[in-house]
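Here the structure comes first, spelled out in C-alpha cells, and everything after it is commentary.
Every number here is computed from the coordinates shown, using simple stated rules; none is lab data. Only a predicted model underlies this, so the values are computations on that prediction, with no experimental measurement involved. When we count neighbours, we look across all protein chains shown, and the Cβ atoms used for this are built from the backbone with ideal geometry, even at glycine.
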Amino acid sequence: MSQKKLSKITFKVDGLYTSGHARRCEAMIRNAAGGIEGVQANEIAGIVTIVFDVKMQTPHTIRDVVDETGYTVITDRD
C-alpha cells in the first residue's frame with residue numbers, strides 16, 4: 001500500500017467575508033477533489049490553508065480547486 005505524502009499550502013482568498021463563507025469554502029474544497037486531507041478557512045485573515053497528498057494533487061491543481069469554488073485566490077501580481 002502506498003503511503004501518503006502530505007504538503008500544506010496557504011492562499012490569500014477574496015470573498016471570505018463571514019464565518020458562513022469560510023465553512024462553505026471549506027466544504028466545497030473538501031468535496032471538490034481527491035487527495036485533500038484537510039481544509040481550514042479563516043474569514044478574519046482571508047486565507048485558506050489546505051493539506052493535500054502530493055501524489056494526487058499539486059499546488060497548481062489545489063489553486064484551481066479554490067478558484068472553482070467561486071472564491072478567488074489573490075496573487076502577489078493582483
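The table below lists the values:
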item: Local net charge near residue 58, Cβ-Cβ under 13 Å (Lys/Arg +1, Asp/Glu -1); result: +1
item: Volume per residue that the Cα convex hull of region 14-78 spans, once the total is divided by residue count, Å³; result: 77 Å³
item: Local electrostatic count, residue 7, Cβ distance below 14 Å [Lys/Arg +1, Asp/Glu -1]; result: +3
item: Estimated 222 nm signal from helices in the chain, with DSSP H stretches of n ≥ 4 weighted -39500 (n - 2.57), rounded to 500; result: -9500 deg cm²/dmol
item: Proximal aspartates and glutamates relative to residue 12, as straight alpha-carbon distance under 13 Å, when same-chain residues fewer than 8 apart are discounted; result: 43, 67, 76, 78
item: Degrees separating the helix 59-68 axis from the principal Cα axis of the chain, which is the longest one; result: 40 degrees
